[in-house]
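K.L.:
Please see the structure below; I have some questions.
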Amino acid sequence: MHWNNLTFNQLDINMLYDILKLRVDVFVVEQACAYPELDDKDRHPETQHLFGLSPDGELLAYARILPPGLSYPEASIGRVVVSPAGRGKGLAMPLMQQAIESALTTWPDAGIQIGAQDYLKAFYQKLGFVACSEMYLEDGIPHLDMRYQSA
């Protein structure tokens with residue numbers, strides 16, 4: 001797996017297309033959730049687009065890392081997705097570990113908060129996140145806010 005971390009303006013048009021297609025395919029179509037997937041947060045100059053490519057260049061995993069103050073007072077990680085071709089290969093954990101490391105390196109004093117789908121709570125707890133809200137519905141899907149607690 002080859003990891004890349006680029007800003008919006010550093011992405012080439014083909015990679016941008018692959019990222020947006022994967023996000024729409026999973027978050028809108030697969031999860032049957034009609035909402036505007038594209039937002040201006042993608043283009044913010046400090047937003048990081050972290051993605052993993054197979055040896056032949058296929059996009060297998062992606063996460064978006066937002067600067068403090070854009071979604072939460074803390075930095076945040078979202079749009080976490082593993083492609084259907086990448087599922088079952090243990091990519092979610094290293095994807096999140098890379099995202100956490102990037103956020104902590106870029107904004108060392110900001111902390112990290114996420115809006116996690118409720119069914120993934122235990123996964124995020126293994127990474128050091130703790131719940132900081134009650135469950136709520138976002139676009140009809142149960143979520144909860146979680147904050148990263150460094151080891």
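No lab work stands behind these numbers, since they all come straight from the coordinates. Bear in mind the structure is a predicted one, so any value in this text is a computation, not a measurement. Cβ atoms come from the backbone with ideal geometry, glycine included; neighbour counts cover every protein chain shown.
K.L.:
Could you tell me the center-to-center distance, by alpha carbons, between segment 84-121 and segment 11-49 in angstrom?
P.N.:
16 Å
K.L.:
P(r) tail for segment 2-148, what percent of Cα pairs lie past 26 Å?
P.N.:
19 percent
K.L.:
Shifting gears a bit: Quick one: order D56, D18 by neighbouring beta-carbon count within 10 Å, fewest to most.
P.N.:
D56, D18
K.L.:
With 10 angstrom as the radius, rank M96, M15 by how many other C-beta atoms surround their C-beta, starting from the fewest.
P.N.:
In increasing order of surrounding Cβ atoms, one gets M15, M96.
K.L.:
List the trypsin sites (Lys or Arg not before Pro) within segment 52-151 that fall in a DSSP loop (any state other than H, G, I, E or B) and whose Cβ has at most 16 other Cβ atoms within 10 Å.
P.N.:
The qualifying sites are R87, K89.
K.L.:
To continue, here is another question. Under 10 Å, Cα contacts only: if you run a Gaussian network model on the chain, which one of L60, L95, L120 comes out with the highest mean-square fluctuation?
P.N.:
L120
K.L.:
Using a Gaussian network model on the chain with a 10 Å cutoff between Cα atoms, which of V130, V80, V28 fluctuates the most?
P.N.:
So, out of V130, V80, V28, the one fluctuating most is V28.
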